[in-house]
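Trainee: Below: one structure in structure tokens.
Throughout, read-outs are computed from the coordinates displayed, never taken from laboratory work. Please read these numbers as outputs of a predicted model, since none were measured by experiment. Counting neighbours? That spans all protein chains shown, and the Cβs are built from the backbone with ideal geometry, glycine included.
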Amino acid sequence: MQSNKRKSDEANEHINHNQPYKKIKFTSPLSDKTDDENNSIINEVNAGPIGFTWDSQNYSCSYDALFTILFNIWSETPINFHARLAKRNFFTAKLEEQFQNIKDNIYTPEAARNSIRPLIHNNNPNDFPWGRIGVNMVNLSDLFFQSDRTVAFKNSKCTACTFEKSDMIKSYLFKQIHQFEGTTTQKWFTFITSENPTPEICNNCNQNLMSYTNFSKVPPVIALDIYAQKTSISHKLTFKIWDDIKILNLAGIIYLGDRHFTARII
């Protein structure tokens, strides 16, 4: 999916600051379509960034922030969004329907948001409550980024014996499990896709395991949960699939500050 929409000086300045906020970063690869094909789709959808009016009775800022970024990705490449995300996840498919309703002026952004929230709440009332209670952004993002297909594999092996294992990853959301203060999301992503020691212990000999994550093909989107406050946001993520270098462009960032989520589209 194409995500290199625009980069203002204000956005660059904001990203370079070491802000004391939790962040979730969204990246997606370049579209396989030509510029003319992409421009045709964008003009057809005719949708710029949308804004939601915050619901002060049933707190909605987490939904507003996530849906703003996903709507922007969908509006740029709706065909790829449908084929690679919506078809693989029930909630993303329902959200895609609401995006179409917004585009067709059937629903306002707020009405579209409010129509899907009961589905989310009924799926897990504890994680997605009603009322003046905040919703965990990681839980919400993971709900929409789960896939019915394998996204990647986490491969682990023991440093002392012959134990090895491979676990399927079925989510496009990756959570920061190592404190990468003062570094970048590129270095962190390089770390998890390279063989490195982990706190995980071997079942056979109680020694530490080495592990790395590998992708068999370019994912349509990657979301990074960043809790290290001084982690700088990279505008691109570069990694290898087999021997090919792949690049994912920054699509958006969600910040948490003063108990409120704010989205920034890049």
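Trainee: What distance in nm lies between label points placed 7 Å from Cα along the C-beta direction at S166 and Y212?
Mentor: 1.4 nm
Trainee: Turning to a different aspect of this structure: Name the chymotrypsin sites (Phe, Trp or Tyr not before Pro) in the stretch 109-158 that are in a loop by DSSP and that have at most 13 other C-beta atoms within 10 Å, would you?
Mentor: W130
Trainee: Just rank S194, S171, fewest to most, by other beta-carbon atoms within 10 angstrom. Write down the numbers at each step before the final one.
Mentor: Working: S194 14, S171 17.
The fewest-first ordering by Cβ neighbours comes to S194, S171.
Trainee: Also, I was wondering about something else. Step by step: find N for the stretch 81-199, compute 2.2 N^0.38 Å, then divide the Cα radius of gyration by it. What's the final number?
Mentor: 1.38
Trainee: Take the alpha carbon gyration tensor of the stretch 169-236, find the square roots of its eigenvalues, order them as a ≥ b ≥ c, and report rounded if a/c is under 1.5; if not, report prolate when a/b exceeds b/c, else oblate.
Mentor: On the way: a/c = 2.28, a/b = 1.38, b/c = 1.65.
Oblate shape, in that a/c is at least 1.5 and b/c is the bigger or equal ratio.
Trainee: Then there's this: Is the C-alpha gyration tensor of the stretch 122-266 telling us rounded, prolate or oblate? Criteria: a/c under 1.5 is rounded; beyond that, a/b larger than b/c is prolate, otherwise oblate.
Mentor: Taking the square roots of the gyration eigenvalues as a ≥ b ≥ c, the stretch 122-266 is prolate.
Trainee: Same structure again: Would you please name the chymotrypsin sites (Phe, Trp or Tyr not before Pro) within the stretch 174-265 that are DSSP coil residues with at most 13 other C-beta atoms within 10 Å of their C-beta?
Mentor: W242
Trainee: Dipole magnitude of the stretch 115-181 about its Cα centre, charges +1 at Lys/Arg Cβ and -1 at Asp/Glu Cβ only, in debye to the nearest 20? Spell out each step's value before the answer.
Mentor: Numbers: 8 positive and 6 negative charges, 14 e Å.
Result for the stretch 115-181 is approximately 60 debye, rounded to the nearest 20.
Trainee: If you add up the charges near I50, with Lys and Arg at +1 and Asp and Glu at -1, over every other residue whose beta carbon is less than 12 angstrom from its beta carbon, what do you get?
Mentor: 0
Trainee: For the stretch 106-151, rounded, prolate or oblate, judged on the Cα gyration tensor with a ≥ b ≥ c (square roots of eigenvalues), a/c < 1.5 rounded, else prolate if a/b > b/c?
Mentor: Oblate, since a/c reaches 1.5 and b/c is not below a/b.
Trainee: Another one. For the stretch 82-234, what's the relative contact order in percent, using C-alpha pairs closer than 8 Å and at least 6 residues apart?
Mentor: 22 percent
Trainee: Taking neighbour counts of Cβ atoms within 10 Å as a proxy for exposure, in what order, fewest first, do M137, M168, M210 appear?
Mentor: Fewest to most other Cβ atoms nearby, the residues stand as M168, M210, M137.
Trainee: Test of understanding: what is the full-extension gain from N136 to W54, defined as 0.36 nm times their sequence separation minus their Cα-Cα distance?
Mentor: Values: separation 82, 0.36 × 82 = 29.52 nm, distance 1.63 nm.
Gain in length upon complete extension: 27.9 nm.
Trainee: Mind listing which trypsin sites (Lys or Arg not before Pro) in the stretch 96-163 are in a DSSP loop and have 10 or fewer other Cβ atoms within 10 Å? Mind showing how you got there, number by number?
Mentor: Details: sites: K103, R113, R132, R149, K154, K157; in loops: R132, R149.
Sparse-neighbourhood loop trypsin sites (Lys or Arg not before Pro): R132, R149.
Trainee: Let me ask you something else. Could you compute the FRET efficiency for R259 and E200, with r as their C-beta to C-beta distance and R0 at 22 Å, rounded to 0.05?
Mentor: 0.10
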